[in-house]
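J.: Would you mind keeping the following structure in view while I ask a few things?
Taken together, the values in this text are just the output of simple stated rules run on the coordinates, not laboratory data. Everything numeric here is computed off the predicted structure, so don't read it as measured data. We place every Cβ from the backbone using ideal geometry, glycine too, and count neighbours over all the protein chains shown.
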Amino acid sequence: MGYSPLLTLIFFLLQYQVEAQTYSVDQVCGIFKNEEDTTLFEVFTRNNKHVTFLNSNYDNDPIVEINTFGFIDEANLNLDPRLDKEILNEGSPDEHSFYFGIDYRFYFEVDEATDKVYIMELENTNLFYYTRVRSLPKSLLESLIRVGKSDNRNYIEEFLDISFWKVSKLKSTIYSEPNKPTRMYLVEGDKVEVLSGDESWVKIRYYGKKLIEGWLKREDIQSE
């Protein structure tokens, strides 16, 4: 039995509606690495800021570019004003470009378990392929600290989604590894990122005038 043209059209529209995607700021935010040029990283933040790290050699100080990002409606070419809202675009991604300095046609793959974009394909004159990563290389973190210092800003806290812990002791010795103390220490109120650890020791990263990694006694810190 055949289908009438009207039923075929309805079926097509329903299928299109199911397949159409919408994206939120939270899904896009994070750190992405270019799979062809592994020294190129992009960071997207919830305050609609975008940071590009350009560096062909980690021995050189990388270029740090700060811009805005969002979706551009192809109908009017204006940056979507709803960036602070949950839904960035309605309907097909084909109706929008992803913008961060340049307009890109885009394709995103979302991880169903985390509801985050984990693959990003961007097309302008060339095709760029990015994957989500957990953190920036140490050299790029140090560059972000230096740029923030020159701008009198804390770009680590502004641009990276880090849960900080505070030192709760008046003076906390930094260890190179558990039970091997160094001459370095932190003081009460200093903020650290916890990288790993157990009930006794935690590996930390401190973003001060320079980036320091080491170990602290677990009892010396508390969550904010």
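J.: What spacing in nm lies between the two simple spin-label points modelled at Asn179 and Phe164, each 7 Å away from Cα in the Cβ direction?
T.: The modelled label-to-label distance comes out at 3.3 nm.
J.: Using a Förster radius of 30 Å, what is the FRET efficiency between Ser150 and Asp26 based on their Cβ-Cβ separation? Nearest 0.05, please. Intermediate values should be presented prior to the final figure.
T.: Details: r = 30 Å, r/R0 = 1.00.
So the FRET efficiency works out to roughly 0.50.
J.: Right, something else. Distance in nm between label sites at Glu199 and Leu54, each 7 Å beyond Cα in the beta-carbon direction?
T.: So the label points at Glu199 and Leu54 sit 5.2 nm apart.
J.: Now, a different point. Give me the net charge for the shell around Gly214: Cβ to Cβ below 14 angstrom, other residues only, Lys and Arg +1, Asp and Glu -1. Intermediate values should be presented prior to the final figure.
T.: Numbers: positive: Lys138, Lys180, Arg183, Lys203, Arg205, Lys210, Lys217, Arg218; negative: Glu177, Asp190, Glu193, Glu213, Asp220.
Its environment carries a net charge of +3.
J.: With the crude spin-label approximation of a point 7 Å out along Cα→Cβ, what separation in nm comes out for Lys116 versus Ser223?
T.: 1.7 nm
J.: Separate question: With 20 Å as the limit, write out which pairs from Lys171/Lys203; Lys138/Lys209; Lys33/Lys166; Lys49/Lys191; Lys138/Lys210 have Cα-Cα distances beyond it, or answer none. Write out the running numbers ahead of the final one.
T.: Details: Lys171/Lys203 17 Å; Lys138/Lys209 14 Å; Lys33/Lys166 30 Å; Lys49/Lys191 23 Å; Lys138/Lys210 11 Å.
The answer is Lys33/Lys166; Lys49/Lys191.
J.: Could you compute the net charge surrounding Phe100? Neighbours are other residues with a C-beta less than 11 Å from the C-beta of Phe100; K and R count +1, D and E count -1.
T.: Numbers: positive: Lys49; negative: Glu42, Glu65, Asp103.
Net local charge, Phe100 excluded: -2.
J.: Related question: Taking 0.36 nm per intervening residue step and subtracting the Cα-Cα distance, what contour gain separates Glu142 from Asn47 on full extension? Numbers along the way, then the final one.
T.: On the way: separation 95, 0.36 × 95 = 34.20 nm, distance 2.17 nm.
So the chain would gain 32.0 nm between Glu142 and Asn47.
J.: If you don't mind, another one. Can you order the peptides 211-218, 112-119, 133-140 by their average number of other Cβ atoms within 10 Å per residue, highest first? Provide the component values of the computation, followed by the final result.
T.: Numbers: 211-218: 18.1, 112-119: 13.1, 133-140: 14.9.
Ranking the peptides 211-218, 112-119, 133-140 by packing returns 211-218, 133-140, 112-119.
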